[in-house]
Structure formats: C-alpha cells, structure tokens
Amino acid sequence: MSKIVVLGLDGSRDSMRAIPYAVEQAGDGGKIVAVHVRELLIGRAGGMPLVANEDEIEADVRRQIEEMRSADVSTELKVVSAVAGGPAHILADIAREENADVIVIGTRGHRQIASLIIGSVTHKLLHMTPCPVLAVPPAATGAGSASAKPDTVAAQA
C-alpha cells in the first residue's frame, strides 16, 4: 500500500529505529518525508542550537537518508529550524502540507530530560496531528519482527 509518510528524526538511536516502520508504511511506490528539526534557544545574541553537537546529529540524519535513497526508498529530507519545544508543531504542519497518511516517530529522543519537564514530542504531536501517529517504542527491533509490535495511536485532527 503506497502512502505518504512523515518520519520524525532527531538523530537518536530510538528515532532511527522508526525508519523500518516508515519504509513498511510507505510500501511500494510510497514516499517518506523525513523531518529533522534543529531546535534553537533564542536570546539577545540570536538563536543557538539546543544541542551542542547539532551539526553531527544532522550529518548522521543526512547519512541515514542517503542510505534509504540508495536502497531505492523514495525519501525527501526537510531540515527546519524552530524555537525549542517546537518539533511537534513542525511535524504536524508538514504532515498537513504533504497530506500525509501517517507520522512515524520514536517515543524517546535526545531530549529525554527536557521531555519530563515540557512533555515529549510524541505526546504533544498526538494532540495536534492531522493523521494517525505510529509511535515506535525503544524496545522495537525493526519492522516484521515478532517482538517489534509498535504502539499505534490514532489521533483525530
């Protein structure tokens, strides 16, 4: 079944585990729109990346996208800068723009401590998404595995 899939990637191991699920959801002829959000802290001097090694993280995401493309998976990468706390809004907006069938995202990322204070991206996304969200838990080992049953949560717009 071909679909348009929005895939949220923050470079963490848990977000990378979501890739096989996105590929499976896209099916033959589908398209994956991978989204990496560069979160910025805004101050008097302008915006600074929230994560010190943002350039390395973005390079890892780009390498992963190139691997998907070399495996003949139709993949587009969008890198968007946003104020800290904004990735869920960006993912939901891109899903609307792309008329996505599903958003695939890991349940944990690089900002685990911040998520305890302000709420996880996945949790926020569930409250604003225009389509179902496939949330892949840390224990998932890849699509097709008997032990890799993701938590699927459908949210209505």
* To do: Among the residues of the range 53-88, count how many are within 27 Å of Lys3 (Cβ to Cβ), of a type in the set (Gly, Ala, Ser) and not in a helix (DSSP H, G or I).
  => 4
* Filter pass, Met48 being at pLDDT 55 or above and outside any strand (DSSP E or B) -> no
* Would you say Thr75 is modelled with pLDDT under 85, at negative phi and surrounded by 15 or more Cβ atoms within 10 Å (Cβ to Cβ)? -> no
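The values are calculated or read from the model by the stated rules, or taken from the named source; none is laboratory data. Bear in mind the structure is a predicted one, so any value in this text is a computation, not a measurement. All Cβ positions, glycine included, derive from the backbone under ideal geometry; neighbour counts span all protein chains shown.
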